[in-house]
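The values are calculated or read from the model by the stated rules, or taken from the named source; none is laboratory data. The structure presented is a predicted model; accordingly, all values stated were derived computationally and were not measured. Using ideal geometry, Cβ is built from the backbone for each residue, glycine included, and neighbour counts are taken over all protein chains shown. Remember, those area values only see protein heavy atoms, side chains included, never the ligands or the DNA or RNA. Shrake-Rupley method; radii C 1.70, N 1.55, O 1.52, S 1.80 Å.
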Amino acid sequence: MPAPLPLLPFGPLAPRLEVVSVDDHRLVFLNGHLTARYPCHDKGTERILVTQLAEVLPGPDYYIAAAFDLHPVTLSRFRSQVRHGGAPALMPRKTGPQGPSKMTPRLQARCRTLRGQGLSLREIAAQVSRGTRSISHVSVAALFHDQPAPPQQPDLPLEAALAIPPDQPPPIVLPVGQSRRTRYAGALLLYAALGQLDLWSVFQNLGAAAGPSRLFGWRQTVANIIFCFALRFHSIEDWKNGLRQDLGVLIGEPRGPSVLNLRTKIKALTESVDPLSFSREMFRRYLALEPVWEGLYYVDGHFCPYYGQNPTPRGWDAKRRMAVKGHTDVYLHDARGRALFFFSQPLNDSLARAIPGAVEEIRRVHGPQPFTLVFDRGGYSGDAFRFLQEHNIGFITYLKGRTARRRYAPNKFQPGWFLFENRRHSYRLFEKKTRLRRVGSLRTVVFLADDGQQIPVLTNLAATSRAAKVVHCLRLRWRQENSFKFLSENYAVDQIVQYGAVPETQDRLVPNPKRKALQEKVRLLRQQMQARQAQLGQAVEDNEESRRPTVRGLKIAHGGLRREIAQQRQTLARLENRLRHTPGRISASQVDRTRALLIEDRRLIVNALKIAAGNAERMLALRFNQTYQNPRDAFSIFRGLLQSPGQVTVLGPEHLQVRLQRPHSPKVAGALDHLLADLNRETPRLLGNGPLLTFELGAVNKNAPPRIG
């Protein structure tokens, strides 16, 4: 049952319109009362009803059209047809030829008799055509479309039955031993990591659904979203460039969904699952699988530009170095650069104002244990510092507002080091205290960079935390920036998935344009007065005392100029009085500067799945690197392995074998072989509860390129 539409936004007595589908009928409710009931297939009645409602109800066309799942342009076209041709103009018409059919019952019986004799369609059409009556072989073929086709052996493995519930895995109905080749076989490795993250249980507990459909349930919808970006498709629309038959193997279907079908499923999935609840549950899974090192959380904002036509709020785009339309997402990472959680800031508030919300989300999962926040200068705020100290939360950030001329003598810096990830990091440090207004005295650690720059670090951690550790924890914030870059380039987290917007309900104050105009008039008038006063002073300087020995004579000689200055002084006094009584900020609705907030429910659920896919890929890449032993290119190598071609073979009713093409590099093949052996011991399953997946590498490539040297 679809959710009720919001109230019409133009008055307290606006009607509430709801359209509900029950079985094979649609019910129309107006203010909670049943108004109409008609079969779902009766398009004529629906067109007449929606046109009458558009003529009677005092609402915009887009609201009424949305209730019936129509486009506003379609409703406008219906109303135009009624004005010109009345209600009969809305009735669906038969497509194709409008005259009587040439295939009479007698002619149809003869065609079937000739078909029984073994004649082809073209031979039958030639025999029944006479004179002006020409029958094509297409018309003859239409007679036999309704006849049931003889049963055939299906030739596609992993083909799903048509009457299975949407939340159940597709059964394998093919004989054992048949196989199907796909160029995306490497992506099936993600099922092992997704099973460790318990992604499917999270959706099931939240009541996920993908609408009434016999194909592509919520499990397959979730898998399609993950594979769309794990295989480096640039967007949902880019999904059309994939091979649908090969993509269908990944979800146990003959073919993958189309872009339109996938978007419809995403909409239904979002209506059944709260994106924020899903992100919180996945946050718990991430911490349960790998705890946060030293309770260290990195918080920062990531701006996502918007290029649509809606008047959305503006934010600072660091890439373009200018304020553009868009919104900001606040992300939480750990010290290893793993994305844990994110929430949206549609009004683009500062990072300091987002810190209380980030602390609340961390407390939900981390518990009462102490933790530390690390952020850049965007979160520098006395109010934020007081909030963190009141809640006994540590923080590390850069000291803001320190002039570059304030430098300390090099002999004050002492060497220090910190061991992290089996590597020793050395710094030259100088520690002091900095007193902030209404905050108190805070610990400041200044470290000397390689280029000689002195960088101050502000923290409220106790002296037991070594200065080198404080500095290194702050420098690890670049892993969060690298994560932003990785997620943007590979998973497109800054894309707009949907373009709908709603007017902003919260009233806000904007600069008063009248006050700005008055200030401009005052400025210009003062400039004119200063110019005339300078002219009068120059006249005093150039006065010939032999002609005008007194000031009175000088005033009489320049009386016109003095009168102009007096008039301007009176005008200036009136403008300044009006300026004092003109408010500096007024409501945005008074000057028609209202904004629109983007509808982000689908984007939030898609981005949460992108983060889950990125973390799943990271988990597998780290396990791959345990044997590969080269962290510099392990992630890029494993990214290519996800797109390895292979063959999926049915070994049993609940068992699939995935044979990947062996990489040409012996080192990569050896590391991948060890990873597949580990994954087989974990018994991953297709779609979480589907057939068991077993991975293996193929034989040595016969067409391997010859080695040179």
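Using the structure shown, list the pairs from 610/667; 240/267; 521/555; 400/485 with a Cα-Cα distance above 22 Å, or answer none. Walk me through the intermediate numbers first.
On the way: 610/667 30 Å; 240/267 18 Å; 521/555 28 Å; 400/485 25 Å.
From 610/667; 240/267; 521/555; 400/485, over 22 Å: 610/667; 521/555; 400/485.
Using the per-residue mean of other Cβ atoms lying within 10 Å as a proxy for protection, in what order, highest first, do the peptides 643-655, 532-544, 218-230 fall?
On the way: 643-655: 16.7, 532-544: 11.4, 218-230: 25.5.
The packing order, highest mean first, is 218-230, 643-655, 532-544.
Which order do the peptides 692-698, 418-424 come out in when sorted by mean C-beta neighbours inside 10 angstrom, highest first? Numbers along the way, then the final one.
On the way: 692-698: 17.9, 418-424: 10.3.
Sorting 692-698, 418-424 by mean packing, highest first, produces 692-698, 418-424.
Which one of 445, 634, 598 has its Cα pushed farthest toward the positive end of the charge dipole of the chain, where Lys and Arg give +1 and Asp and Glu give -1 at the Cβ?
After comparing all options, I get 445.
Using a 1.4 angstrom probe on the protein heavy atoms only, line up 317, 349, 69 by accessible area, largest first. Mind dumping the intermediate values first?
Working: 317 10, 349 65, 69 115 Å².
So the residues, ranked largest to smallest area, are 69, 349, 317.
Going toward the positive end of the dipole of the chain, with +1 on Lys and Arg Cβ and -1 on Asp and Glu Cβ, which of 66, 330, 531 do you reach last?
Farthest along the dipole direction, towards plus: 531.
Quick one: which of 238-250, 334-346, 38-50, 430-442 comes out on top by average Cβ neighbours within 10 Å, and what's the full order, highest first? Let's see the in-between values first.
Numbers: 238-250: 18.5, 334-346: 20.6, 38-50: 16.3, 430-442: 12.7.
Per-residue Cβ counts within 10 Å, averaged per peptide and sorted highest first, yield 334-346, 238-250, 38-50, 430-442.
Only four residue types carry charge here, +1 at the Cβ of Lys and Arg and -1 at the Cβ of Asp and Glu. Report the dipole size of the chain about the Cα centre in Debye, rounded to the nearest 20.
On the way: 101 positive and 59 negative charges, 575 e Å.
Dipole about the Cα centre, nearest 20: 2760 debye.
Label segment 533-574 by shape, choosing from rounded, prolate and oblate, from the square roots a ≥ b ≥ c of the eigenvalues of the Cα gyration tensor; if a/c is under 1.5 it is rounded, and otherwise prolate applies when a/b is larger than b/c, oblate when it is not.
Numbers: a/c = 3.96, a/b = 2.37, b/c = 1.67.
Prolate is the answer for segment 533-574, as a/c is 1.5 or above and a/b outweighs b/c.
Please give the helix 105-116 orientation as an angle from the longest Cα principal axis of the chain, in degrees from 0 to 90, rounded to the nearest 10.
For 105-116 against the chain, the angle is about 70 degrees.
Out of segment 298-327, which trypsin sites (Lys or Arg not before Pro) are coil in DSSP terms and have no more than 13 other C-beta atoms within 10 Å?
319, 320, 321
Per DSSP H run of at least 4 residues, take -39500 (n - 2.57); add these up for the chain, divide by its residues and hand me the 222 nm value, nearest 500 deg cm²/dmol.
Numbers: 22 runs with 286 residues, N = 709.
Helix contribution divided over all residues of the chain: -13000 deg cm²/dmol.
Compute the helix-to-body angle for 559-580: its Cα long axis versus the longest principal axis of the chain, expressed 0 to 90° and rounded to tens.
Helix 559-580 and the main axis of the chain meet at about 50 degrees.
As I understand it, the dipole of segment 247-318 uses +1 on the Cβ of Lys and Arg and -1 on the Cβ of Asp and Glu, about the Cα centre. Which of 277, 312, 291 lies farthest toward its positive end?
With unit charges placed on the Cβ atoms, the residue in question is 312.
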